[in-house]
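Structure first, commentary second.
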Amino acid sequence: MAMGKAAVRIHNVIALDNGTYWCLFKEGNVSSRAALQLQVAGLGSEPTIKVTEDQHGGVRAECTSEGWYPEPQVEWTDSTGKVIVSVPNLSASNTTGLWAVVSNVSIEDRTVESVSCSISSPLLPETKVAKTRLPDFFFRRSPLMVWTIAVPLILAAVGLIIALVICLFWKRKREKNRKSLEEEREQREEEQRQQDSGDKVLPLSAVSPSLDPDTASPKLSLSEDWKSVRRLRFAQDVAPSPGRFDRDPCVLAHEQFSTGRYCWEVEVGERGAWILGVCLEGIGRKGWIPKSPQNGFWALELHKRRYRALSYPRTRLYPSRPLRQVGVFLDCDKGEVSFHNVTDGSQVYQFSGLSLLQPLKPFLCLWTHDSHPVTFCPVVREMHDETDWPPWRPKIAPLETSGLPQGTPIKEKAASSSINRDTLQTRLTFSSPETTSSPGETPSP
């Protein structure tokens, strides 16, 4: 202490030690303090796979592992590298805080020779993988079993064909008698519709959304004009709000859309991790919220230098050029939202079948402590006519006539690396000393 230095040593680090620690220096009435941020990451045990036969003649595989922190991610793939939809069951110990994984998949495709289960931590680069070959009984079927299944299927198919032929015969007979009358009526109705509508399409509105500070996570800082957002290293003191994200570093826009067509641009620049898109106005904002269409999110993500569409399952994307400025086109009436690379006008990904039971709002998420901001900016491309949408489409070679669109999604193959270490790793981050207190924050991925 004579040199003005102090050290802290934490023995036998466990998951529950994760958090922020403070060191107070005081001399007389003068005091100052510094923050010590401890981030704990636990690499669990090697996963094991158990394969059993289910009652439908297929197989059921179960992958188990324990000792993970924070909550790990689980992914199944078959022998061809195709992702298999799984049902993960994650639980955390009340005493140690470590997570245990139990994940199950059902396999009925008899061309699959083996399955792999990979488990990874969002804080560590290592991935642990277990692989097993499916048992021989899965590939064998006796002639009796084949005929037992085939005969009912054949009889059902014959009955369905007979019923279909009868239905088609009577339908054709009825339609033949009134075909001429229907064609004339439809022609008159079409002419009337064209006259009423004047062959116009709905106008496209270019907007520049503004961020809503009442929804912004305490980990985010908004610009004065509410167009730009940055990620903070420590959470700030903010007024309580029922609509505020408390754990996810996200923020919604003020604007909401229920009908019509809209486009806007988001400048992500050199930022290494982000999520942007649209979501339902009434989505949950407390705790960790999975970003997927099933939960009311339709978005793109950049994380660990990988672009993905947050579909279910996730879709790996390969844009022709890095995304520095993303154009978003929303057609509420068709239930579609598409994302475009403003640099070259290429379409990166499109979601269809959006649920519009509630209004949609633009949203942003900043996962990493990166000083680069994300900004809503005006749409500056000129639209020559109402059908020239979205405005990022190249004027010389439109997307629909230039063959396959750039940015066509390609499914990502599962990682195959295997790590044999079972250790707890810690990362310490010191902030500069400050004279005022700031609440502690558990860092998010």
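The values are calculated or read from the model by the stated rules, or taken from the named source; none is laboratory data. This is a predicted model, so every value here is computed, not measured. Cβ: placed from backbone, ideal geometry, glycine included. Neighbour counts: every protein chain shown. Remember, those area values only see protein heavy atoms, side chains included, never the ligands or the DNA or RNA. Shrake-Rupley method; radii C 1.70, N 1.55, O 1.52, S 1.80 Å.
Quick look at the numbers
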| item | result |
| --- | --- |
| Accessible area per residue, Å², the range 24-96 with all protein chains present, probe 1.4 Å | 56 Å² |
| Heavy-atom accessible surface of the range 237-285: percent carbon and sulfur, 1.4 Å | 50 percent |
| Debye, to nearest 20: dipole size of the range 233-337, +1 on Lys, Arg Cβ, -1 on Asp, Glu Cβ | 640 debye |
| More than 27 Å apart - percent of Cα-Cα pairs taken over the range 263-383 | 12 percent |
| For the range 48-141: rounded, prolate or oblate by the Cα gyration tensor [a/c cutoff 1.5] | prolate |
| Cβ-defined net charge surrounding Trp367, 11 Å radius [Lys, Arg +1; Asp, Glu -1] | +2 |
| Cα-based Kirkwood hydrodynamic radius, the range 51-97, one decimal, Å | 13.1 Å |
| Whole-Hz ³J(HN,Hα) from phi, Karplus 6.51 cos²θ - 1.76 cosθ + 1.60, for the range 32-39, glycine and proline x | 7, 8, 10, 9, 10, 9, 10, 10 |
| Reference-scaled alpha-carbon Rg (2.2 N^0.38 Å with N residues) for the range 210-311 | 1.07 |
| Sorted peptide list for 104-112, 273-281, criterion being average Cβ within 10 angstrom, highest first | 273-281, 104-112 |
| Distance violations [Cα-Cα > 23 Å] among Lys227/Lys361; Lys227/Lys304; Lys50/Lys304; Lys82/Lys334; Lys5/Lys219 | Lys227/Lys304; Lys50/Lys304; Lys82/Lys334; Lys5/Lys219 |
| Alpha carbon centroid spacing (whole Å) that separates the range 232-287 from the range 328-360 | 17 Å |
| Ratio Rg/Rh, restricted to the range 30-71 and using Cα atoms, in which Rh is the Kirkwood radius | 1.49 |
| D_trans [Stokes-Einstein, Kirkwood Rh over alpha-carbon pairs] for the range 1-89, 37 °C, 0.692 mPa s, µm² s⁻¹ | 181 µm²/s |
